[in-house]
Amino acid sequence: MAKKTLRAKCLEAAQKLARISAADDDGYCQCVSCDPLEAHSWGHWKEMHGGHFISKGSSSYHALDWEFNIHPQHPNCNIFLMKHGSAEAWYTIWMNDNYGDDYVKQMLRDKQKIKKLYAADYREMLVDFNEQIKFHEKRLGEC
């Protein structure tokens, strides 16, 4: 197996942080791209994906933004329904409800910006992400 790059490690940590930080005290979080009125929209953070509103492949600017661009999604919503279903529409509604239309429009405008990160930047981010993950693991009694 190939060794993970620093960027890949940061992406993995950012997605984990987005999921675990959104979890309630029982470890459950709501999928941002499911109909919120559906009971199945909730899942345990370990079973969810950290789904990107603006895909990580199309935006170096937002790829590691765990606070505003990465949120819990069911695997099916993230993998299949973002392209072939209603998940993208529900995600957009959720983003507008939580951050406001103007902020979401600005995110979309900024997605073409390039954010150059160096190895030291990735290392620093990884330390920060892992510290925050440990905090939430303790909060949930998982340490």
| field | Sparse-neighbour loop sites [GluC sites (Glu not before Pro); the stretch 45-134; at most 14 other C-beta within 10 Å; DSSP] | value | GLU67
| task | Obtain the nm distance between the two label points defined at ASN130 and ASP25 by a simple spin-label model: each point lies 7 Å from its Cα along the Cα-to-C-beta direction. | result | 3.0 nm
| At most 14 other Cβ within 10 Å, DSSP loop - trypsin sites (Lys or Arg not before Pro), the stretch 40-143 | LYS113, LYS115, LYS116
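Based on DSSP H runs of at least 4 residues, each adding -39500 (n - 2.57), what is the mean residue ellipticity at 222 nm of the chain after dividing by all its residues, to the nearest 500 deg cm²/dmol?
Estimated from H runs of four or more residues: -14000 deg cm²/dmol.
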| From a point 7 Å beyond the Cα of ASN76 in the direction of its Cβ, which residues of the stretch 1-44 have a backbone N at a distance under 11 Å? | 40-41
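Every number in this text was worked out from the coordinates using simple rules, so none of it is lab data. From a predicted model like this one, the values you see are computed outputs, not experimental measurements. Every residue, glycine as well, gets a Cβ built from its backbone with ideal geometry; the counts of neighbours run over all protein chains shown.
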